[in-house]
Amino acid sequence: MKQRITTAVMMIVVALPILIYGGLPFVILGIILTLVATHEMITMRENTVKAPLEVKLFTQIASLLVVFHSFNFSTLSITENSAISLELLTLFLFILLLVVVIRKSFTSQDAAYYMFTILYIGATFHSMLFVRKSGLDLFLFMILVVALTDSFAYFTGRKFGKRKLAPLISPKKTVEGSIGGTLAGTLTGIIFGLLTNLMPNLFMLAFISFVVSVVGQIGDLVASSMKREYQIKDYGKIFPGHGGVLDRLDSQLFASLAIYLLINLLNVVI
């Protein structure tokens, strides 16, 4: 526990000023986290199946290209049309399938996993970048909603939890804990949104807070299911007592993906 607290304090001291300041330091942090997270996905697969070096390098590069596909480095901004082209994704798939033909040890299942890694890391980290570039208030809104959801789900589950939420994926999580976390996260989002004037429509603010809270929990379950499938405890060891990048950001990444889709797919104004 002492190690977890020490690491958490260090992460806050290092990361919080960068997240608040944004700009180039945030972009550099995003590049580092993307590379580490992609490496964690590659390493998880390599516990059972080894991949050629060129595939691992390609996956790292492709993930970065997806994350920063619409980012203007000269102005440190995201272009108005941030949708990645189908042509680029098709090219990535073609390259991986070409390796299947060339390398006998590299199968179509391997190609599917690495394509999934590119999409999973690329889409979620791009969404995180998009949310921060959309405004600090929105970014802090997302962080607070997810953090309070996670904390209250834990304490509510310990106090009142009886029914298992997803026993085959995460045996300790309960329905009662999830409900308590969702209520706390939604209320947090509403209060923060009103205090910062994030958006004038109270109903829409409550809806977005609820969606972010729920999707954040889904992100945690998705990450847990992959770890259970590949029989690992943590994605990495970069944060002592906390695991890897994907262990720490699983909920936040999915929450940012939800906000990205709400804004770009449903045209929700935030």
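What follows is calculated from the coordinates using simple rules that are stated; it is not laboratory data. Just so it is clear, the model here is predicted, and its values are computed rather than measured. Cβ sites come from the backbone with ideal geometry, for glycine too, and all protein chains shown count toward neighbours.
Which FRET efficiency value, to the nearest 0.05, do you get for LEU195 and ILE232 by plugging their Cβ-Cβ distance into 1/(1 + (r/R0)^6) with R0 = 30 Å?
With R0 = 30 Å, the Cβ-Cβ based efficiency is 0.15.
Beyond 21 Å, what share of the Cα-Cα pairs of the range 63-165 remains, rounded to the nearest whole percent?
For the range 63-165, the share of Cα pairs beyond 21 Å comes to 57 percent.
Run the quick spin-label model on LYS159 and VAL101: label points 7 Å from Cα toward the beta carbon, then report their separation in nm to one decimal.
For LYS159 paired with VAL101, the spin-label model returns 6.2 nm.
In a Debye calculation with equal point scatterers on the alpha-carbon sites of the range 1-133 and no solvent, what is log10 I(q)/I(0) at q = 0.14, 0.19 Å⁻¹?
So the normalised log intensities work out to -0.71, -1.06.
In terms of the Cα gyration tensor, with a ≥ b ≥ c the square roots of its eigenvalues, is the chain rounded because a/c is under 1.5, prolate because a/b exceeds b/c, or oblate?
Oblate is the answer for the chain, as a/c is 1.5 or above yet b/c matches or exceeds a/b.
Relative contact order, percent, of the chain when contacts are C-alpha pairs under 8 Å separated by at least 6 residues? Don't skip to the end; give the middle numbers.
Values: 340 pairs, mean separation 55.0, N = 270.
RCO, the chain: 20 percent.
Over the range 134-270, what is the relative contact order in whole percent, taking alpha-carbon pairs under 8 Å and six or more residues apart?
23 percent
Can I get the semi-axes of the range 139-242's equivalent ellipsoid? Compute them from the C-alpha gyration tensor as square roots of 5 times the eigenvalues, in angstrom, largest first.
For the range 139-242, the ellipsoid semi-axes come out as 27, 16, 11 Å.
Top mean-square fluctuation among THR90, THR182, THR107, Gaussian network model of the chain, C-alpha springs under 10 Å?
THR90
Sequence-distant or interchain residues sharing an amide H contact under 5 Å with THR174, placed H: which?
Residues meeting the amide H criterion: LEU165.
Among ASP250, ASP220, ASP234, what is the fewest-to-most ranking by other Cβ atoms within 10 Å? Walk me through the numbers before you get to the answer.
Details: ASP250 26, ASP220 23, ASP234 17.
Placing the least packed residue first, the sequence is ASP234, ASP220, ASP250.
Okay, which of the range 241-263 sit inside 20 Å, backbone N to the point 7 Å along the Cα-Cβ direction of VAL13?
241-243, by backbone N distance to the label point.
With springs connecting C-alpha atoms under 10 Å apart, model the chain as a Gaussian network and identify which of LYS173, LYS56, LYS104 has the largest mean-square fluctuation.
Comparing LYS173, LYS56, LYS104 in the GNM, the peak value goes to LYS104.
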